[in-house]
Each structure stands twice: as C-alpha cells, then as structure tokens.
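Scroll down for the structure; my scribbles are underneath it.
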Amino acid sequence: MCAAILEEYCGSVFWNASYLNREDPDLPVCFEQTVLVWIPLGFLWLCAPRHLASLYSRKQVTKKHLSKLYICKQLVGSLLFLTAIAALAVTLGQDYGPSADPPSTVKNAGVYYVNPILYAVTWILLLLCQEGVRRREGAVDSATLFVFWLFLVLCDVFPFQTLLREALRLGEISDVPRFCLFYISFGLELIALILSAVADIAPEDKELFKKNPEAGAAFLSRITFNWLNSMMFKGNRQPLVQEDLWELQEEDSTATINDRFQFFMKSELAAARVRLEKKLKKKQDSKAKGATFQNPMTNGLANGVSQDVLMMEEKGKKDDGKKDDEKKEKDKEKEEVDHPSSWLISTIYKSFKGLLLESAFFKLLQDLLAFASPQLLKLMISFTQDKSRYIWEGYMYAVLLLLVAILQSLFLQQYFQRCFVLGMKVRTAIIAAVYKKALVVSNDTRKESTVGETVNLMSADAQRFNDDPSVLAGLAVMVLMGPINGLIANMARKIQIKSMKFKDKRLKIMNEILNGMKILKLYAWEPSFQTQVEDIREKELKVMKKFAYLSSISVFVFNTAPALVSLATFAVFVGVSPSNILTAEKAFTSISLFNLLRFPLAMLPMLIAAIVQMTVSKKRLEKFLGGEDLKTDVVLHDPTFNTAVSVRDGSFAWERQSEPLLKNVSLDIKPGRLVAVVGAVGSGKSSLMSALLGEMYTTKGFINIQGSLAFVPQQAWIQNATLKDNVLFGSQHDKTRFQEVIKACALDPDLELLPGRELTEIGEKGINLSGGQKQRVSLARAAYSQADIYLLDDPLSAVDSHVGKHLFHQVIGPNGLLKDKTRILVTHGVSFLPYVDEIVVLVDGVVSEVGSYKSLRASKGAFSEFLDTYAKEQRNRTTSEPGGFQETVDVELIPETEDLQPDSPLEDTVSLTLKRENSIRRSKRIGSVRLRRQSSIKETEVASKSNKGQRLIEKETMETGQVKFSVFLQYLRAMGWGYTVIVFLVYLLQNIAFIGQNLWLSDWTNDAVDYYNMTYPSWKRDTRVGVFGVLGVAQGFFVFFSTLLLAKASISASRILHSRLLNNILRVPMVFYDTTPIGRVVNRFAKDIFTVDEAIPQSFRSWLMCVLGVLGTLFVICLATPFFTIIIIPLALVYYFVQRFYVASSRQLRRLDSVSRSPIYSHFSETVSGLSVIRAYGHQERFLSHNTKTIDENLKSVYPWIVSNRWLAIRLEFLGNLVVFFSALLAVLSRDTLESGMVGLSISYSLNVTQTLNWLVRMTSELETNIVAVERVSEYTELENEAKWVTDTRPPEKWPEAGRVQFDNYKVRYRPGLDLVLHGITCDINSMEKIGIVGRTGAGKSSLTNCLFRIIEAAEGRILIDGVDVSTIGLHDLRNSLTIIPQDPVLFSGTLRMNLDPFDKFSDEAIWKVLELSHLKNYVAGLQEGLQHEVAEGGENLSVGQRQLLCLARALLRKSRILILDEATAAVDLETDDLIQTTIRQEFSHCTVLTIAHRLQSIMDSSRVMVLDAGKIVEFDSPSNLLEKRGNFYAMVKDAGITQEDVTSL
C-alpha cells in the first residue's frame, strides 16, 4: 500500500529485492529520492529548535565578529540554496517551459517538485542555525550540524554512484542539468562538512583557549580528545611540571563544584535532621512506654526514676569496673542515633545528576551496540558457510563490524570520561565540604575525631567516592549471583572495618613516634615502640590475608561462572534432542554474548569491594559533616552597652551535657583598660578566654563584645609561611607599622639572625623558631591586626625574663603600642600586676575578686594570699615567672590548646633551639649584618638571592622519567622468586585451558558439517560436553590457586617493605626529622603502604591476566588466519609508540597529582590546629579561599590525567577495532579454505581484544603508577642511618660509676656545610657536681646536651664520661646510662606504666616508689585503673604539670649517675616547680647534674655556673665568684632582678 503511493510519487519502482541479488548491487532510484533524503533533513529539523532558541534569547550577544570561517559557511549554505532553486526551475522549465518540441503530455513526478522545495527550506533553516551557533556563548562549533552534514554526505554517496554507473552503462548523460546540479551540490556539501569540523575561534578568545585548549576544541577533537595532543607531545619531550598544566574550566573549578554541593547539602541535611529528631522522639516514647510497662506501680514516676537511675549510672561508672559493658552499649546506641544519616548519596546525586544521566545515556547506547556485534558475527559465519553468497556481503559485514566497534568506542569513552570527571568532582566537593565544616565545627564534634581522622576523611574517604564508578556495569548479573555475593560482601565489610581500625591504630602510633622521636632517641626507647608497631602490623596483615582469601573465593566464583553458563547452555542444547546439533553460528554467537558478561562479572568483585568501602566511608563522612556547628550567637554585639566586654551572670561549659566550668561570672570591662586575669592552676583562666571567643557552651547568662578581636593563644600557632605573612595574617602590608610592631615585639634581633629576614620561610608548626620567638610572632600578629579588643592568654610565659619585661612595656603595658586598646591579659607574672588597671582573680571557675592592685592587696582576700604565698618568689622572680602551663582542666577539655596535630612534632624545643642556632650560623655566613645596615641596595640583593638557609623544608623530591625496572624487581624480590614463578606458571596454565576450551568448541561445531543429515552419536556428544566442562572448571581452579598464591606472596612483600621502612625510619639521625615535615613521613606509612598492601597486588593480578589474554587472542587469530601475522607487526609498533607516549605524560601527571595533594592536607591540618585563632580574627573566608586554590592546583593535574586515559583508550580502541576489521576481512578473503568454526573463533576473539588491549594499557600504567609507592618507600629505607645502637666495644656493666664528664676541644656543627655551633669547648665536670648552664637564646646551651647524647656527632674533639670516649660505644649503651628531663614533657598513648617503663624492666613496687617521690602517687592511686590508666594521644588527659612530674618519675626510675635538666620548669607553675626542685636536690644528690636554665633562681645554688656565648664558654666558676667578677653572669642576674640578699638567702 505504502510502496504503491511512493511509487506514484516518484514515478519509478520503490523497492525490488532483485536489485541487491547480483554481483554489483544497487538501490532503486525512488528509495534514494525519498528515504535517503528524509533521514538527514529530518535530523536537522529535529535539532533546529535548539539553535534557533539562541537567536531569540533575551541576552543580546554583541561579541563575535564575523569570522572568515563563518562567512564561508554561510556562503556555502547560500550556494546550496541556489542549487535547490535551480533544480526547481529545471523541473518547472521541463514541464511548462516554451520549447521547440511539442509540450510533452508526461509531466515530471511529484518528487521533482517536493525535493527542491524541501531542500530550499532546509538551507534557509541551516543559515539561521549557523547564526544561532555564532551567537551562543562559548560555542566554537556545533556537534549536531556536523552530524547532519555527515549524514547528508553518506546518504548522497548512493545516488552519486547510481548516476555515474548509469551514465557509464548508457555511454551518455540522459539528464544533463540535474546531473550537473547534483554533483555541484555534492561538492558543496563536502566543503560544508569539512568547514563544520573546524572550530571557529574569535581572536579575543585565542589567549583564553591557549590556557585551556578544551574550551576551544571542535566536535571531532572533543570526541577523540585530540585537544590533549599538545600536552602529550610536551610530556613526551620533557617531564611535565606544574607550570605546564592548563587552567581549569569554570565548571570544573572547586568554587563552582563546592557551591553546588553546599546548596543541595543544606536542604538534604536539614531533612535528615528532621528525620533524626522524629526517630529519637519515637525511641524515647517507646522507652518511656517500656518503663511504664515494667512496673505499673510507679506509673507516674517511671520517667523521673529512670532519669535518676541514668544519672547514678553515669556517676557510678567512675567507681565501678563492671559498668564497662553498659558504656559500650551506650556508645553503640550513640553511634546509631547520633548523627543525621543517609543524606550524602542524595546530595551527591542532586549536585551532579546532569553528569550522571549523561553517562548513563552513553553507557546505554554502548550496551545496545555491544549486542549488535554478536548478531553481525552470526551473519558473518553463515556467510562463510554458504559459498554461493556474493562476496560483497562479507565486505559489508566486515565494514559494519568496524563501524559498530568505532561507535561503541566513542560512546564508551564519553561514558568513562563523564564517570571519572564525576568521581573527581565528588572528591573535590567532599574535601571542600570537610574543610568548610572543620572551620565551624563545635567542640563536641571536634572531640570525637582527632585531626588524624579528619585528614583521613579528606584523603581516604573522599578518594573512595572518586574510584571508578564505572564498575556499576555488572549489576544485573550481580542479582543472579545474589546469595553468594551477599554473603561475601557482608564478610568483606566486616573485615574491611577491622582493617581500617588497625590502620588507624598503626598510624596513630606512628604519628606519636614521629612526633616524639627526640624523646625516643634520648631514652633509647626505639626498640619497644618498634615492636608495638610491628604487632599491630601483624594483626593488620592477618586481616588482609583473610580479605585476600575471601576475594580469591569470589574471583573463583566469578571466573567459573561464564564457563559454567556456557557449559550448561551447550549441554542442555545438545542433550534436549538429538536433532540439535551445535553449529558455529549458534556456538560463537552465544560465546561472544557470554563474553559480554565476562567483563562485568570480573568487575563485580571489585564493585563489591568498592561499595563496601564506600558505605564505610559514607558513614564516617555523614557523621562528621552532619555534626553540630559552633553556635555563632553565643557572643552578642550590642552597641548600646558602654563597655567593651560585658559578661552577665554567665556559666560556661565545654560540652553540652557537662557541668559548667565557669560559674556565675559577671564582668564589665571599659574600653581601653588593661585587665589582668590571675588564679591558681585550673582556676579557669584559659577557659574564660575561650568563652569570650564564643568557643564554649553558654548554659546561662550572656556575653557582649563591642569591636573586633585579636587573640594570642597560650601556645603560639604559626603557619607554614614566611615570617612576614605570619605577622600580616592577611592584612595589607604597611611598612612603617610593620617595623613598629617588629621592634616592639623584640623581633629585630631575631630577624638579623634569620637567613632571609622577614621573608624566611617558617616550617610546619614554626619548627625553626624557638618557643619564645613563636610567642613573639604570635603577639606581633595581634599587634599588627589593629583590633579593638586583645585577648592575651599568657603570652609572656615562653620568653626569657628580660624579653618579657620588654614586651610588657613596649606592647601590652600602659605605655605600649596597644595602650589605647582594651587588653585582657592572663598572666602569672606577679611583677606586672602593679601596672594594670584592674585584676580579676579566679578561684575554681568563680570570679572571687575584682579590683586594682592596691585595693586587692588591702582587702586581704584570695589575691593577697596568692601574693603572700609567693612573696619571696615575687621579689626574686620578675617576669621570668613560670608560665606556659595550662590549667589542668583545660588540658583535658580544649583540644586547641595542645596540638593534636598528627603531622606535627609537639613543641620540641631542644631541636628548635638547634635549628635556631644553625640559622644563626647560616646568617653569619651569608654576609655581615653591619653591611646590610649601611646599604639598602645590598639588602635587597641579599634578600633576592634565595639563601641557602632561607628554605628550611626542601621541596618533596619527585622521581621523573620511567619507573626503573629495578623497582619492579625489588617488589618481586620482596614477594619471593619461588612464589613469583609459580604464580606466573599457574596463570599460564589457566590461559592454556581457556584457549584449549575454545579450540575444542570450534572443533565441536565442525561436527555439524561432518554429521550433516546423520544421527549424532551420543558417546561423541558426551565426550564433547565432558571435555568442554573439565577445561572450564580447570580454569576456575587455576585462577583460584594463583590468586591465593599471589595473595600470600603480596602479603609477604607488604610485610617486608613495611618492616624495612619502619626499621630504617627509627634509625635515621635527628637532623632528618628537623628538615622533613612529619606529614611527608606519615604519608609514606599511610598512602604508600596502603598502595603496596591493596592496590599493587590487584593491579599486578589484572596486568598478568591481561598480558596473557592478549597473547592468547593474537595466537588464536593467527592460528585461524595466518595472514594476520603480517598485520600484527605494524599494529604492535603503533600500539607500542602510543603507549610509551601516553605513559610518559600520565606517569608525570600522576606524580604531580600526589605532590600537589600534600599541600591540601598540610593546609588542612594547620587550619585545624589554629582554629581558635582563625575564628577569633574572623578569617574563615580567607582560609576557605586558600583551600579552594590549593584544591584547584591539584585538580589541574588530576583532570588532564583523566583525559589522558581517554586519549589513550580511544586510540587503542581504534587499533583494536582494526584488529576486528582485519580478522573479519581475512576471513572473507580466505573463506574457501576456512572452517566456519575457526572463523567464529577468530572473530569472537578479536571482538574481545579491544577491551583487553585497553585494559592492558590501563593496567600497565596503573601498575607503573602504583609501583611508584614501592619507589617512595624504598627511598626512605635507604636513608643514611645514625651510628650503630650497640657496637662491639661495650662499656663496663656499672658505667658510669663516678659521673665525671670531660669535654676536650669539642666542636660540632648541625649538618655538613653549616658553620660550627660549638667552637672548641673544653671543661672538666667532676663527679657529683651540680652545674648550671646559662646564656642567651642561641648561645649553644641545648647543643651541649645534644652532643652528650650524640644526637649530633662531633666535628672535632671528644667527650669522655668516666674516662670512656663516648664516640666509641653504641648509641643505646650511651643513652641508656644518661638521663634527661626534657623541656617538653612528651607522653605516648598507652598505659601510664608503659610511659614510665616501656621495656617492663622494673617491678610495680619500684614504679610506685618513684611515683611517690614525684608526688603523683595519690593521683595515680585515685585513678580507676591505676598504673594501667590509658594516657591519651600526646598526654592530652593530664595537665602539663602532671606530665612534667611523670618525666621526673622516668628519670628517678632510670637511676643513672648523670642527669641533664633542660629548662624543665619552663612550663610549670610555682608549686610544681618547688616539688621538682626539692625532689631533684634530695634524690639526685649523689649524681652529676647539668641544668640548662632560663630562670637564674634555679641555679643560684649550684656548685659552678657555665656561661655560654656564641658556642664558647665565657665564664665558668661558682656563682658567688662570678657575681664578684661583675661579668656576663652578673649582668644577667641584675637583669632578672635578683638582689644580693636573695643570693645569700639561697
């Protein structure tokens, strides 16, 4: 019916099969005039509205001049319009024109009128569309128009050859005008196609596209990723560096991604919170019901009672051991209900649904096409069987196979590209969200996760969301294997959680070891901690082994699945009826369909693992991101108050539920006053500061503050930036003000010593500044900020006495820089109190008195008591009064005050002083200071040459070029050669079984020809099925066996690599830790070991299977069509070059990624440790934007890396598609000699090769990338070690008995190439002498102790202890026989007992005895667990004073004859100080004691005093003699305000 209408419309036959049934087939003319015209035009009409819309959009785009390209396009369009009009004219002319011949009665058919009109309208539409594209923002070409031209040209190819063939057949052209018009328009269409493939870039955008070529890439370049070529070429010529990377597109930048994510997160999180509240309410209701139900009698009271019981339970916990289980239950409940859940996935979906849907669409297209190939294969096989078919059919199938494959590749790569970009965006969004959250998180949430855990959220958990989402492909099959899967997945999840736990634990200990490295070395405790880490590692490896066994089971299941499926199918098929004979088309079509499932099935185990890990991560992220924020409305800013700071009847607590720490505080502070806050330890001084900053929960009352705040915390927080940036802290640089502040804060002399003056880079945590310098920088930052109100939390405690005086008078005091500002100063310096306007006295969290110094002295209250207790000290100790300690309570509660930092050494002042001293030496080397003063030109020159010492922390080294083969060998060696060989052989066997099975199948299908029209013998059938099945199961077993072996091998490799790394890191000299950020070392133990544990075995396995798979495939194709060997060689060459090209750039991008990733984490850790400061100054926005920049820098290397994978994949898939094409083509050419079984085999194999090739290159590059981890780990196993721990020359058993120390012309420098720090020290210290060592900062006091312990080795000269040269014995022998009480009390997490005696050498009695001597017995006896009391990370749950006393206990326990005290009292209040001093006097009276003192009081009674200056001894005599000499020592004593009678009284 339809055909008849069309035939009338065309005036010729529409369809006739006989056209195709001949040697040279053709299409009927009518078909060409209708269907082939409508397809392309229809496509354009469908796509036109989108282009036309931009013509009518409100935004008038003035940009874009008329480019030459655009004019050419429009010209071609217009010419085509003219040809259409011409065609119409020809028809009209023929029908109605005046002609010499009598007018013909036969008119032209309708089609000759309709087509030209159709074309004419289309060309007009096209011209409008092209204008629309020109006006569209950021468009350089149009994909739809390109596709339209492509369709049009392809469809016109058919009439092209029809017309030509007809003309050749007739020997003349029948219809000249139409013939000419067609070829003219065909030529124009070709030109248009070429033009539409070129990008139209406006000159003003050229620069922009240089920075980001993707934005200016044309359609073809976008789908083949050609725009990346320039980077790939560059990367092949020379290793890429950060500067070579391109700018990000707007939509890929962190800011854009984060805004979207935050927008959706807000609503989702709010909804989740509502759900949570409902759930909690329900729970409470049901609980209440339950209580009522249990005891109907107390119906009314039930609730009240249960509440009380709860309270009692809480209290009872402390004094009752068995309540532990309850606590665990409670925690569990808390875990379940505490945070809003299941909102993260929906937020991610909503934020990125565009990308998700696009990728799903492409995947769908690709999957549909994937099913086309087996159908084509079926046609191909039937074609080779039937020799009577025309040869062009074969060629057509070969070309179709190629086309389908190419389209499949294009769609698949677009899908992957979107998947990876989605992963990248999700990771970015999560990192940014975690950072943003960390800035506003409340103290409760903050206490729940240590900094280490939060950094983990950023690194590990965000990464999990990034990892390949494409694994979702195999879901349907997953459902089929549901039960097994469910079981395996569940077990895997449990194992995974366990493994995470051990990982966290191991990293926590590693962190502590690295942070407390100095202490471990001084005490020679490394072996004890090494065994601790190794124990945890063993447990972790056990869990990993379980996981590996589990995954080998799942691999077995999934590998046997396809074999079993095909076995079942074929067996059932031939078994159902004898007439069913397995033919090649049936067998190989089904085999290639099964192969489609193979890949998703192989991905499944990975998918399950990924989903398991993701759910764990999702929970952790939801908990953190859903936690409470800090309330911003705690502090009011009401301008009607006439005070600067008012607190009205306020009570403040650290946690929601806990008791308030500050009770009923009322304060009014007038603008411009200087108020001191004093009180004993633990009275809540620092807490008051935190309350004013709004960091505490207000249980009642309120705080009002007028004006901006500046805050100086008790422990200075220093950023890893230049000194200048630390002081400016984001403000504008004003030279005079800067100089003023520097001078007032006494930083001038320090700048002279620093190699780059104020441009010197300061390491993480201010590692190259001394405690005092840090504190002064922190004060300078506040002074520079010009705030209205200054909260100063004991800034004077960490500095020397005379410096303290200077700071008070120049900055804080009544005549200082800040004299017109409101200042609230927490202090212990009694001597400053007379100068302040008002004193607030705190006792146990209550304000006991407020008033001026005089009035408080007169009132004889708590204050005058406080003064009287220390009346004597008050005269003696001026500013040098001890500070820097923290109130006991605060330490337990404020994470900020102590550094929780995972990658930061706790303030290790010994090494700081070291560094400071070496920087002094360096600066002397750089050029004399005087010179600088004279000429400013000189100064700039010196500053601009980046001096040797200016950068403390060297840039992280990054290997370039190809990963050395030796690294692979190193890994294989660690796995064990035996294992390696066996694994390889077993995989080979598996592959042989696979090929054998398929060859057997091909042979089996040939039976169909042999037994044609005969009954198929059942014995033959059984043999066929049996062998096929056996080979299938064999494969499964080989895979299982090899996976098991590989797991065993890789775990042994993991063990060896980790223990080597740990072993070496503990033996590296201290200098290494001073110049390497701890984060970098931790990274080796975290990220790199993780890669060695989990990623490398996985990629190694996949790589092996891929290599063998590819070889097997090529072998089979060559077996079927030997000609193929000729084609293999050029293909292999091209393949090799593309791959090398890619790997060069990809590897470097990967390295850039890991190097640019570290700053994200360090900036984050830094932010978390300085939160209270950032919040106080209100600089959250600045830090957020800095974080955004840092992430962007990282994305700049991640994005090209993603694209480079696609770039490669597209090119390789095209190669693979050529393999398919050639194997099909050769099969067509040699169809007379080939059995159909072999054809099926070779083509179905080649269909598989594309995927395997692609996978192989990805695996090769992934293996290369991952093996870099082995490279990085081994880099740290080859670091130079310090001297041997134990040597052959051992000192006598009881050495040193006398404790006599002699220095003999002793010289030392920190690192080779630096100047000497001690210049030939010679002195003799007799047995039992008490020596005080004094000198100003940088004189070399700490260096002396470092030398005794051989933390730094002598450059010349020697030290003798009891006549033994210390450099001849082992380090542990030496360090075990000396004892030091270090400046910073470093504790490790573990029991109290472990902290005192890690080797379990001493009995409990001995330990209780030293605890008694160090005044801790009562405290420890009062603890529930006694000696087994758990100390928190860094000793968080003890006050600084208690920590110091514990260090004293350590010293008492070691009972060595030589004791070194390193300013041990700098961080302790007066009471603790007295305790320590008396204990030392009594208990160590028979020892030689060396005391490095800041406070001269503590050494006024020593036998002799050694005064050091610039590394030389300037004075060395008894204190009284030195005072009479009136030299350096006398000046220092005078400075400290110690009078003659004080000395005599001492």
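The values are calculated or read from the model by the stated rules, or taken from the named source; none is laboratory data. Just so we're clear, the structure is a prediction, and the values are computed from it rather than from any experiment. Because the Cβ atoms are built from the backbone with ideal geometry, glycine has one as well, and the counts that use them run over all protein chains shown. The area values use the complete protein model at the heavy-atom level, side chains included, leaving out ligands, DNA and RNA. Shrake-Rupley method; radii C 1.70, N 1.55, O 1.52, S 1.80 Å.
Just report the Cα centroid separation between region 639-713 and region 9-85, whole Å. Cα centroid to Cα centroid, the span is 78 Å. Its residue count N sets the reference 2.2 N^0.38 Å, and the alpha-carbon radius of gyration of region 1076-1152 equals 1.66 times that reference. With a Förster radius of 56 Å applied to the beta-carbon distance between ILE184 and LEU368, the computed FRET efficiency rounds to 0.90.
For helix 526-576, what angle does its Cα long axis make with the longest principal axis of the chain, in degrees from 0 to 90 and rounded to 10? Helix 526-576 sits roughly 20 degrees off the main axis of the chain. DSSP finds beta bridges in the chain, and of those with both partners inside it, around 50 percent are antiparallel.
Computed over all pairs of different Cα atoms, the Kirkwood value for the hydrodynamic radius of region 979-1073 is 17.3 Å.
Apolar share of the accessible surface for the chain: 61 percent from carbon plus sulfur atoms, 1.4 Å probe.
Of the residues ILE1480, VAL967, HIS1163, the one whose Cα sits farthest towards the positive end of the charge dipole of the chain is VAL967 (charges of +1 on Lys and Arg Cβ, -1 on Asp and Glu Cβ, taken about the Cα centre). When +1 charges are put on Lys and Arg Cβ atoms and -1 charges on Asp and Glu Cβ atoms, the dipole computed for the chain relative to its Cα centre reaches about 620 debye. Protection proxy ranking for 1262-1275, 409-422, using the average of other Cβ atoms within 10 Å per residue and placing the highest first: 409-422, 1262-1275. Derived value for region 597-754: Kirkwood hydrodynamic radius 20.6 Å. Basis is the mean of 1/r over every pair of different alpha-carbon atoms. Between the listed residues MET689, ALA271, MET1105, the Cα displaced farthest toward the positive end of the dipole of the chain, a dipole computed from Cβ unit charges relative to the Cα centre, is found at MET1105.
For the cross-link pairs LYS1294/LYS1341; LYS494/LYS1401; LYS724/LYS1525; LYS501/LYS964; LYS425/LYS623; LYS363/LYS437, the ones whose C-alpha atoms lie over 31 Å apart are LYS494/LYS1401; LYS724/LYS1525; LYS501/LYS964; LYS363/LYS437.
For HIS802, the solvent-accessible surface computed with a 1.4 Å probe is close to 70 Å², ligands and nucleic acids excluded. Extension gain, GLN284-SER864: 0.36 nm per intervening residue step, less the Cα-Cα distance, totals 203.5 nm. Can you tell me the orientation of helix 1470-1483 relative to the chain, as the angle in degrees between its alpha-carbon axis and the longest Cα principal axis, to the nearest 10? So the inclination is approximately 70 degrees. When peptides 254-260, 712-718 are ranked by their average number of other Cβ atoms within 10 Å per residue, the highest-first order is 712-718, 254-260. Taking every DSSP helix (H) stretch of at least 4 residues in the chain, weighting each as -39,500 (n - 2.57) and dividing the sum by the residue count yields a mean residue ellipticity at 222 nm of -20500 deg cm²/dmol. Looking at the chain, the accessible area is 43 square angstrom per residue; that uses a 1.4 Å probe and ignores ligands, DNA and RNA.
What do you get for the angle between helix 584-625 and the principal long axis of the chain? Use alpha-carbon atoms, 0 to 90 degrees, nearest ten. Relative to the chain, helix 584-625 is tipped by roughly 30 degrees. Beyond 20 Å, the tail of the calculated P(r) for region 1171-1278 holds 67 percent of the Cα pairs. Annotation: peptides 1387-1399, 736-748, ranked by per-residue average of other Cβ atoms within 10 Å with the highest first, follow the order 1387-1399, 736-748. Dividing the Cα radius of gyration of region 225-285 by its Kirkwood radius returns 1.44 for Rg/Rh. Annotation: average projected area of the chain is 74.9 square nanometres, based on the convex hull of Cα atoms across all directions.
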